[in-house]
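Right, one structure below, let's go through it.
The values are calculated or read from the model by the stated rules, or taken from the named source; none is laboratory data. Here the structure is a predicted model, which means the values were calculated and not measured. Glycine gets a Cβ as well: all are built from the backbone with ideal geometry, and neighbour counts include every protein chain shown.
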Amino acid sequence: MSTPTSNDVNNFDFDGFWEHLKKWAVKLGGDLLLNALILYHVLRAPETPMQAKMIIVGALAYLVLPFDAIPDFLPVAGLVDDAAALATAMVQVGTHITPEIRKRAENDRDRLFDGVCG
């Protein structure tokens, strides 16, 4: 996958991202889903620098693209590389994760699981 550019950040498919999360919420599990949502909210924050946004777009695109190093349809193993991409991005943009962003992500996770499991 090529390095994301500011154009990729500006054209990120937020609707497609939400559809993917709804579809995969149970498979992703609470922690992986929470990390994706935290990154999503950091990406949306206007104060997040472009370099951090490019890192996030790369990680979230890796999560939602159907073809990656280990295909997602493989049980457990298919999500390991996605988890690694999200974890790496979380470390790289960690200084931009505020308590408010974490709370919004937790609320979104709870809503997604309620919609899927409730």
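Checking each residue in region 61-78 for being surrounded by 11 or more Cβ atoms within 10 Å (Cβ to Cβ) and either among the small types (G, A, S) or modelled with pLDDT of 90 or more (or both) picks out A61, A69, G78. Against the list (1) within 18 Å of R104 (Cα to Cα); (2) aliphatic (A, V, I, L, M); (3) at pLDDT below 80; (4) in contact with a His (Cβ under 6 Å, 6 or more places away or on another chain), the condition V42 fails is (3). So is L32 at pLDDT 65 or above and buried (at least 18 other Cβ atoms within 10 Å of the Cβ) or not? In short, yes.
Taken over region 88-103, the criterion of being in a helix (DSSP H, G or I) and either within 15 Å of the chain's Cα centre (by Cα) or touching a residue at least 12 places away in the same chain (Cβ under 8 Å) (or both) is satisfied by T88, A89, M90, V91, Q92, G94, H96, I101, R102. Within region 79-104, the set of residues being more than 13 Å from I56 (Cα to Cα), surrounded by 13 or more Cβ atoms within 10 Å (Cβ to Cβ) and at pLDDT 95 or above comprises T98, I101, R102, R104.
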